[in-house]
Amino acid sequence: MTTEIPETARPRLLKGVRTRFDKARDTWLLLAPERTLELDAVAAAILAEVDGVRSFGEVIDTLAAKYDAPRERISADVRTFLSSLVERRMLEIDVP
Amino acid sequence: MTQVSAPRAGPRIQVPMAMLAELTHRCPLACPYCSNPVDLVRRSGELSTQEWVDVFQQAADLGVLHLHLSGGEPAARHDLEELVAASTGAELYSNLITSGVGLTEARLEKLAANGLDHVQLSLQGVDHETADLYGGYKGGFDRKIAVAGWTVKLGLPLTINAVMHRHNLSTLDLMIDLAVNLGARRLEVATVQFHGWAEKNKAALMPTREQVQKAGEMVHAARQRLTGVLVIDYVPADYYATYPKACMGGWASTSLNIAPDGQVLPCHAAPTIPWLTFDNVRQRPLKEIWTHSEAFNAFRGDEWMQEPCRSCARKAVDFGGCRCQAMALAGDAAATDPACSKSPLHADLLAAAEAASSTRDADLTYRRMPALKQPARTHNA
Ligand code: SF4
Ligand code: SF4
């Protein structure tokens, strides 16, 4: 199940959900209530751009430029990942 | 039980993910299924603020990520705000496990300002009547509802923690609705475990097989209906299951508990295994305890296992089940958990559970501190 995310919507991590670099395990993590997600390079790169200010479209643009990848592919990756966080109550999408 | 193998040949020591800090055993409630030991630690024996702060830092250095601030009732500690600040300072993810009693809106605001990450609030029932009866505290329900409101208003994630047993398991649907209405992001449904005080109340609390099955169906349906609204974690009763629960993801592999007096336990029920000896943070650094403590090494890995676990393919999945339950029911902490259908004791366990679940009008024993010798001194928060 993938949530519809309009390009103008602003994704943001909910309070109590945060990323952190873990030295002991040498990886980026997403910490949430009773959950620890290990972030791979793609997931970490996506969350680095999600700040609650920039829109979904802007996040995709930034990533596409940064990683020199086709916009559609980036868009699909970001959508899938962010939807999975919405389902887990870790992220909200503010639709203007 | 054989001797623990030398560190070299022993099982791999992992980096722990979580630490449960039982800040105090004091609690205004008196739940008859409390998981605290029957032998409660008194206030005078509790670690000081500075000692806890130091332990939090040691835990973070060890690689712990999640810090669960628990009790008893952690709000009974007047230094809770300071302890949360220390947790934040150590970069730990702090989770307050509370009954709600003892919290005010001002206190919660202060906790949030000091970096509290998550609030986990227990509900003993879906209305005044059941909640106050099973919490053993009049007015508790109203206070809990208020705490839920303040938590959500502050934007903090709220988990409702519901302990279910024979008398409230059929109201699980109402509990799920209540959690949604309160604005919880997560609901933790735990079927009562018969350790600690619950052991004394088996006859009164044991759910029936039919209830357990229905509860499983309710959870399944609710998860589908509420995807993106409420995350539901469910710990089913293991008495009627085919295989036991995976104990803590493996003994001494992912988490540790600190008792109010600084004893370091592989799990909250570990002191029910009489031959285990525990180290104390007052005497030994946490890292050394995690690595070398006899209690931690006793069931690390799978060297200690007996048949049928030893040659079972599921041993990497459930680790032979619960050590404390094996102790309580088989009289041997290294035995196969009798909740497993492969255990020779399983049939007896099942029969006993079914018999207990059909007991009528059994009285409840509420948890309490043992009576003091000198009646003039009390230890109330
Ligand atoms: S025999 Fe042991 S390892 Fe196998 S399923 Fe039962 S408890 Fe688990
Ligand atoms: S040994 Fe039993 S009581 Fe202790 S953590 Fe494991 S499952 Fe729980």
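Tabulated values for the structure
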read-out: Centroid-to-centroid separation of region B:223-267 and region B:284-340 [C-alpha atoms, Å]; value: 15
read-out: Contact order relative to length of region A:27-96, as percent, for alpha carbon pairs under 8 angstrom and 6 or more apart; value: 18
read-out: Tail fraction, Cα-Cα pairs, region B:224-333, threshold 22 Å, whole percent; value: 40
read-out: Rounded to whole Hz, the Karplus (6.51, -1.76, 1.60) HN-Hα couplings of region B:257-273, x for glycine and proline; value: 10, 10, 6, x, 8, x, 5, 9, 10, x, 7, 4, 9, 3, x, 6, 8
read-out: Virtual spin-label span in nm between residue A:94 and residue B:127, 7 Å along Cα→Cβ; value: 4.0
read-out: Cα gyration tensor, chain A - rounded (a/c under 1.5), prolate or oblate; value: oblate
read-out: Cα→Cβ-extended label distance, 7 Å offset, between residue B:277 and residue A:65, nm; value: 6.5
read-out: The protein assembly as shown: antiparallel DSSP beta bridges as a percent of all, rounded to 5; value: 35
read-out: Neighbour-count ranking [beta-carbon atoms within 10 angstrom, fewest first] of B:272, B:291; value: B:291, B:272
read-out: Whole-Å distance, taken between Cα centres, linking region A:23-96 and region B:157-174; value: 33
read-out: Efficiency of FRET from Cβ geometry, residue B:288 and residue A:42, R₀ 41 Å, rounded to 0.05; value: 0.60
read-out: For peptides B:309-315, B:167-173, B:319-325, B:332-338, sequence by mean Cβ density within 10 Å, most packed first; value: B:319-325, B:332-338, B:167-173, B:309-315
read-out: The protein assembly as shown, helix-only ellipticity at 222 nm - DSSP H runs n ≥ 4, -39,500 (n - 2.57), divided by all residues, nearest 500; value: -10000 deg cm²/dmol
read-out: Residue B:231 long-range amide H proximity, modeled H, under 5 Å; value: B:186, B:187
read-out: Dipole in debye (nearest 20) - region B:184-295, about Cα centre, beta carbon charges: Lys, Arg +1; Asp, Glu -1; value: 340
read-out: Neighbour cut-off at most 14 other Cβ (10 Å), DSSP loop, GluC sites (Glu not before Pro), region A:1-56; value: A:4, A:7
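Each value in this text was obtained by applying a stated rule to the coordinates, not by laboratory testing. What you are looking at is a predicted structure, and each value in this text was computed from that prediction instead of being measured. Note that each Cβ is placed from the backbone with ideal geometry, even for glycine, and that neighbours are counted across all protein chains shown.
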